[in-house]
1. Scan A:Gly156, A:Gly112, A:Gly102, A:Gly94 and give me the residue that is within 13 Å of ligand 1 (Cβ to nearest atom), more than 14 Å from chain B (Cβ to nearest Cβ), at pLDDT 95 or above and open to solvent by less than 20 Å² (accessible area, probe 1.4 Å).
2. Would segment B:35-42 turn up any residue that is in a loop (DSSP other than H, G, I, E, B), open to solvent by 10 Å² or more (accessible area, probe 1.4 Å), within 16 Å of ligand 3 (Cβ to nearest atom) and not polar (S, T, N, Q)?
3. Which condition does A:Ile286 not pass, out of (1) in a loop (DSSP other than H, G, I, E, B); (2) touching a residue at least 24 places away in the same chain (Cβ under 8 Å), if it passes all the others?
4. Scan segment B:94-118 for residues that are surrounded by fewer than 20 Cβ atoms within 10 Å (Cβ to Cβ) and either in the same structural domain as B:Phe61 (by TED's automatic domain parsing) or more than 16 Å from ligand 2 (Cβ to nearest atom) (or both) and report the count.
5. If I ask for residues that are open to solvent by 20 Å² or more (accessible area, probe 1.4 Å), small (Gly, Ala, Ser) and closer than 17 Å to A:Gly72 by Cα, which ones from segment A:161-190 would you list?
6. Within segment B:48-71, how many residues turn out to be farther than 19 Å from A:Ser51 by Cα and within 7 Å of chain A (Cβ to nearest Cβ)?
7. Here is a list: A:Ala229, A:Ala235, A:Ala250, A:Ala218. Which entry is in contact with a helix residue (DSSP H, G or I) (Cβ under 6 Å, 6 or more places away or on another chain), open to solvent by 20 Å² or more (accessible area, probe 1.4 Å) and either within 19 Å of A:Val92 (Cβ to Cβ) or among the hydrophobic types (A, V, I, L, M, F, W, C) (or both)?
8. Any idea which of (1) open to solvent by 40 Å² or more (accessible area, probe 1.4 Å); (2) over 17 Å from the mean Cα position of the chain (by Cα); (3) of a type in the set (Val, Ile, Thr) is the one A:Ile194 doesn't satisfy?
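The values are calculated or read from the model by the stated rules, or taken from the named source; none is laboratory data. All of these numbers come straight from a predicted model, not from anything done at the bench. Glycine also receives a Cβ, built like all others from the backbone with ideal geometry; neighbour counts cover every protein chain displayed. The area values use the complete protein model at the heavy-atom level, side chains included, leaving out ligands, DNA and RNA. Shrake-Rupley method; radii C 1.70, N 1.55, O 1.52, S 1.80 Å.
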Amino acid sequence: MYDIKALYEAESVEHAVALLVEHPEAQIIAGGSDILVKMREGKCAGKELVSIYGLDEMRGVSFEADGAIRIGSLTSFSHITGDPIIQEHIRVLGEAVDMVGGPQIRNIGTIGGNTCNGVTSADSASTLFAWDAVVEITGPEGVRRIPIQDFYIRAGVVDLKPGELQTAILIPKKAYEGYQGHYMKYAMRNAMDIATTGCSVNVKLSEDKKVMEDVRIAYGVAGPVPMRASGTEAAVKGRTVSGENVKTFAGAVLEDIRPRDSFRASKEFRQHIAVVLAERALRESIRLAGGEVDE
Amino acid sequence: MSRQYKLVSCTINGKQVEKMVDVRASLTDMLRDDYRLTSVKRGCEVGECGACNVIIDGECFNSCIYLAVWAQGKEILTLEGLAGPDGGISDIQQAFIDEAAVQCGFCTPGFIMSAAAILEAKREFTDDEIRKRMSGNLCRCTGYENIFRAVKKTMLQRLGKEKEGIL
Ligand SMILES: Cc1cc2nc3c(=O)[nH]c(=O)nc-3n(C[C@H](O)[C@H](O)[C@H](O)COP(=O)(O)OP(=O)(O)OC[C@H]3O[C@@H](n4cnc5c(N)ncnc54)[C@H](O)[C@@H]3O)c2cc1C
Ligand code: FES
Ligand code: FES
C-alpha cells in the first residue's frame with residue numbers, strides 16, 4: 001500500500017484541471033515512476049494525487065498543422081523510441097529516452113514526468129533543450145506555450161501554476177528540418193543508472209556538407225537544471241566542418257557550463273567528461289548529417 | 001480520511017475478474033493479496049529489481065510502481081498464466097530449469113516475464129539486444145549467464161532454429 005491520502009482520477013484534460021483547482025494540495029501522478037518511488041521513501045507520503053495516467057488523449061506523436069512535431073506528455077519512453085515520426089525527424093530523442101532506466105521503466109515513464117520533475121539528469125531534457133522544444137501547458141486560463149528553457153525555473157521547480165498540467169511537448173518545424181543529432185549519456189552502468197553527465201548535440205550542414213550552418217548543444221547535470229551552451233554554439237556557427245573547429249567547439253564548453261561536485265562525480269571530472277562528450281557528439285552529428293571531419 | 005475503494009475489472013491470465021480495490025494498493029498488492037498470484041514478488045518495491053514484473057496489454061511493467069486502479073479494463077498476464085491448460089509449464093520455464101537458471105528462485109518469475117515480452121515479439125534479437133531487454137531484472141544468485149542462455153535458447157527454438165540454440 002502506498003501512503004496516499006486520496007486519489008482523484010481525471011477523465012479528460014478539463015477534468016484534470018478542475019480536480020487540480022478543487023484540490024490545490026494534490027500532486028499530479030502520470031506514470032508514477034518518480035512519485036511512487038518518493039512515496040515509498042516517505043517523501044511525498046500522505047499526499048492527495050490527481051491521476052492523469054488514464055488520459056489517452058495525451059498519448060502519442062503527431063504533426064501540428066504548421067509541421068511541428070507534437071509529443072503528448074503521457075507518451076511513454078518506449079513509444080517515443082518506437083514512433084515512426086520520431087525515427088524519421090528527431091531520431092536522437094528516441095535514442096536518448098531509450099537510455100532511461102531499464103525496459104520496464106521505459107514502458108511506464110512519460111516524457112511529461114521526465115520534464116515536470118525539473119531534474120537536471122533527465123535523459124530527455126538535454127535533447128529537448130537542444131532542439132528548441134516548446135512546452136504546452138493547459139490550465140484554468142486555457143492553453144499557453146513556452147520555450148523549454150523558460151519552463152525550468154530552478155532544480156526541481158518548473159513553471160506550472162496552480163491548476164496547470166503539461167499537455168504536450170512540441171518541436172517546431174524550423175527546429176528539426178535539416179538537423180541531425182546525437183546524445184551521449186555518461187553513467188557508471190549501461191542500464192538502470194542516472195547520468196553523471198548527458199550531452200546532446202545537433203548540426204545543420206550546408207548543401208555541400210562543408211559548413212556548419214547551425215550547431216546546437218545542451219547538457220544535463222552541467223548545472224542545476226538542463227542548459228544550452230550558447231557560447232559554445234556561437235564559437236563555431238557558420239564555420240567549416242573541420243577537426244580544428246570540432247576541437248574549438250569542445251574547448252569552448254568550459255566557459256558555458258557550471259557542474260558541481262556530487263557523490264556521483266567531482267566537478268573536475270564532469271568538466272572533463274563534458275568536453276569529451278561535446279567533441280564525440282558533434283563528430284557523430286556531422287557524420288549523420290553526411291559531412292566528413294578531416295584529419 | 002475514510003478508506004477509499006474502487007471497483008476494478010480486468011482480465012487476469014485470460015479470466016475476466018472484478019474486485020473492490022483499495023486505491024492505495026499497488027498492482028503487486030492487488031495481484032498477491034486479492035488474487036493470490038504469488039509469483040508476483042515483492043522485492044525492492046521501487047522499480048529497480050524486476051521481481052514484480054507482469055505483462056499489461058502486451059508490455060512488461062514493474063507492478064510495484066503501478067497503481068492497482070490503473071488495471072481497470074487491462075489485460076494482465078502473470079507467470080501463472082504461462083502454464084498450459086493441463087497445468088504443465090511453458091517452454092521458457094523448462095529452459096530455465098534445463099539451463100540451471102534458477103537458484104533461490106526469487107527473481108525467476110520476474111525474469112521469465114521479461115523473457116516472455118521478448119519471446120512475444122517473435123523475432124530474433126542479437127545477444128546485446130537480449131541483454132538490454134533483460135536489464136531491468138536483478139539476480140543475486142546465478143550470475144545471469146544461465147538466464148541469458150535459457151532466454152536465447154527458447155527464442156531460437158520458437159523461431160525453429162533449434163540447432164543454433166546449442167550454445
Ligand atoms: C528504477 C528507476 C530508474 C530510473 N532511471 C532513469 C534514467 O535513467 N533517466 C531518467 O531520466 N529518469 C530515470 N528515472 C526517473 C523516471 O522514470 C523519469 O523521470 C520519468 O520520466 C518520470 O515520468 P512519470 O510519468 O513516471 O512521472 P511521475 O512520477 O508520474 O511524475 C513526476 C513528476 O512530474 C509531475 N508530472 C508528471 N506529469 C505531469 C504533467 N503532464 N503535467 C504536470 N506535472 C506532471 C508529477 O507531479 C511529479 O512531480 C528512473 C526511475 C526509476 C524508478
Ligand atoms: S519489486 Fe518491483 S522492481 Fe523490485
Ligand atoms: S536465483 Fe536467487 S535471485 Fe536470482
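1. A:Gly112
2. Looking through segment B:35-42, at least one residue is in a loop (DSSP other than H, G, I, E, B), open to solvent by 10 Å² or more (accessible area, probe 1.4 Å), within 16 Å of ligand 3 (Cβ to nearest atom) and not polar (S, T, N, Q).
3. The single condition A:Ile286 does not satisfy is (1).
4. 5
5. Residues satisfying the conditions do not exist here.
6. 5
7. A:Ala235
8. It is condition (2) that A:Ile194 fails.
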